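The values are calculated or read from the model by the stated rules, or taken from the named source; none is laboratory data. Quick caveat, the model's predicted, so the values are computed rather than measured. When we count neighbours, we look across all protein chains shown, and the Cβ atoms used for this are built from the backbone with ideal geometry, even at glycine.
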Amino acid sequence: MKRLLIFIIYFSASAAKVFSQSKSPLQAKFDSLRIINRTYYLHGKIDSMPSSNALMLQLARKLHNDSSTCRAYGLYANYFSAKGDYSLALEYDIKAMEAADHGYKPSSATFRGNIANIYMMLGNYQASLQYLHSAERYVAYDTVTNAIFIPATLANVYVELKKPDSALKYIQLAFRVSSGLAQHNIEDVFVRGNIKTNIGNIYGTFARVYDLLHDPDLANFYYLKAVRYGDSLHLQGTMTRITVRYGKYLAGKQKYTEAKNYGIKGFYIASRNHLKDVAADAAELVYSLYDRQNNKDSAYYYLKAKNLYQDSVAAEQKANQLQGLIINQQLKEAEQQAKAGQDAEQRRRNIEYALIALGILIFVILFLMLSRTVVVNPRIIEIAGVVGLLIVFEFINLVIHPYLAEFTRDSPLPMLLILVAIAAVIVPLHHRLEHWVKYKLVEKNKTIRLEAAKRTINRLQGQKPDL
């Protein structure tokens, strides 16, 4: 099993590398980590996810695009959801949804579906339906996976609400779409994995729907199909809940031996993959079955295992909350650094624009001063001088503002006094320079007019007839 997982991860990373050849190196690395992280999630290797999650979040900050940001948040949400900490999972799914809505609509439906799924697990079915119906508006942006995921999740909610007719309608829609897509050669490794996982979940939902419709033959058929499908793809981590649910179903049908076998299978798969909330659920099922058989030793073992896993889940939730606080602080610091970088870049550009404007103005004034053919109204120089003064003052303010803010600790009054002092130096210099430029232009205008008058007199004398 371990070798198979290593092969799948290696194959997924290689496929991501080929698929990402046309992308930037950072984006290619992000996509490779994303597929590896997803592979860990699907195969239940939950404790291997945090390291790649942290790397992906760092890369997303450097990439500065909403698609990478929302995916990094979404995988953090997957991790906390798998750990049974739904409050943190919900928090990160909401962050992912906001990033997707801002600049990557194809994932908007996905994260609304994830949020709806969490609300369903928490028993808030109305909120779940609200997000799912909201997600339906975004399915058109990504018709590949969301066209399966959203109706399948709607079906699960209606199963929880004991509305089998509505659930059957939506799960049949999800099955038709998934069957059609499964026959196509989809290049995206991530999308192919999602489709396969959704198909397994669809079989499980079919079983629950037919159970509500009191059709035990079809319910049993689809439960077995879901379990075998998960086993064939080695997706025990994601299919463990279906295995345990099938055990409960069999117990309800008084098939206690089979129920115990599937409960034990689910327990050991969940234990091996550190799915502690599922392990506790499976242990409770097996305990009840052994207790029914009056097998006290085995019953005690699974009761103790259930209590240990429940305590471990509670302890992990506290650790997850601490980890969530650390991640939130890191995100806050990263956002502050990104904002500082954006502010510095904007300041640099503003300085460049001010220099360009000042350079153009100086060029125009020099042209007017040196031109021997253009007569300039001194009023134009006064207007240009005022504009130039404003540009110079803004340029100085842009250059010294960070140092000024640090020196004065952002205190308004000292900053104002320093700027007034700078203005007190600049304005007299401006007046002197303006006076000098106007004097030169007046002298130049006199010279131009005198030369023009001489040329006119010479032309008139050349045209005077001889007497």
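Assorted remarks:
- Residues located in region 286-297, provided they are on the phi < 0 side of the Ramachandran plot and either of a type outside the set (A, V, I, L, M, F, W, C) or surrounded by fewer than 24 Cβ atoms within 10 Å (Cβ to Cβ) (or both): Tyr287, Ser288, Leu289, Tyr290, Asp291, Arg292, Gln293, Asn295, Lys296, Asp297
- Residues that are modelled with pLDDT under 90, closer than 21 Å to Asp211 by Cβ and not acidic (Asp, Glu) do occur in region 277-289.
- Near pairs, Cβ below 6 angstrom, 6+ apart or cross-chain, from region 238-261 (over 11 Å from Gly204 (Cα atoms) and not assigned by TED's automatic domain parsing to the domain that holds Thr205) to any residue that is aromatic (Phe, Trp, Tyr) and modelled with pLDDT under 90: none
- In this structure, Gly193 does not qualify as buried (at least 24 other Cβ atoms within 10 Å of the Cβ), assigned to a helix (DSSP H, G or I) and at pLDDT below 85.
- Residue in region 228-269 that is surrounded by the fewest Cβ atoms within 10 Å (Cβ to Cβ), counting only those that are under 21 Å from Thr39 (Cβ atoms) and aliphatic (A, V, I, L, M): Leu233
- For beta carbons closer than 7 Å, sequence separation of 6+ or different chains, a first residue in region 333-355 that is at negative phi and a second that is aliphatic (A, V, I, L, M), the qualifying pairs are Arg347/Leu398; Asn350/Leu398; Ile351/Leu398; Ile351/Val399; Ala354/Ile391; Ala354/Leu398.
- Flag not set for Asp101, criterion: crowded, with 21+ Cβ neighbours inside 10 Å, of a type in the set (D, E, K, R) and under 23 Å from Lys332 (Cβ atoms).
- Failed item, numbered, when Met120 is tested on (1) out of contact with any Phe, Trp or Tyr (no Cβ under 7 Å at 6 or more places or on another chain); (2) crowded, with 21+ Cβ neighbours inside 10 Å; (3) within 19 Å of Arg241 (Cβ to Cβ); (4) modelled with pLDDT under 85: (4)
- Scanning region 63-77 for residues that are surrounded by fewer than 24 Cβ atoms within 10 Å (Cβ to Cβ) and either of a type in the set (D, E, K, R) or over 17 Å from Phe30 (Cα atoms) (or both) yields one hit, Asp66.
Yes/no matrix, rows are residues, columns are (1) within 21 Å of the chain's Cα centre (by Cα); (2) farther than 20 Å from Ser87 by Cβ; (3) in a helix (DSSP H, G or I):
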residue	(1), (2), (3)
Ile115	yes, no, yes
Met120	no, no, yes
Gln126	no, no, yes
Gln130	no, no, yes
Ala135	yes, yes, yes
Ala147	yes, yes, yes
Ala152	no, yes, yes
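- Among the candidates Glu345, Glu352, the residue that is surrounded by fewer than 11 Cβ atoms within 10 Å (Cβ to Cβ), at pLDDT 75 or above and closer than 20 Å to Phe395 by Cα is uniquely Glu345.
- Pair list, Cβ < 6 Å and 6+ apart or interchain, from region 96-108 residues that are outside any helix (DSSP H, G or I) to residues that are surrounded by 24 or more Cβ atoms within 10 Å (Cβ to Cβ): Tyr104/Cys70
- Restricting the first member to region 55-83 and to residues that are without any contact (Cβ under 8 Å) to a residue 24 or more places away in the chain, and the second to residues that are outside any helix (DSSP H, G or I) and surrounded by 18 or more Cβ atoms within 10 Å (Cβ to Cβ), no beta-carbon pair is closer than 9 Å while six or more apart or on different chains.
- Restricted to region 448-467, and to residues there that are of a type in the set (Val, Ile, Thr) and at pLDDT 75 or above, the residue that is farthest from Ile380 (Cα to Cα) is Ile457.
- Top-ranked residue of region 155-181 - restricted to ones that are small (Gly, Ala, Ser) and surrounded by 15 or more Cβ atoms within 10 Å (Cβ to Cβ), ranked as farthest from Leu218 (Cα to Cα): Ser178
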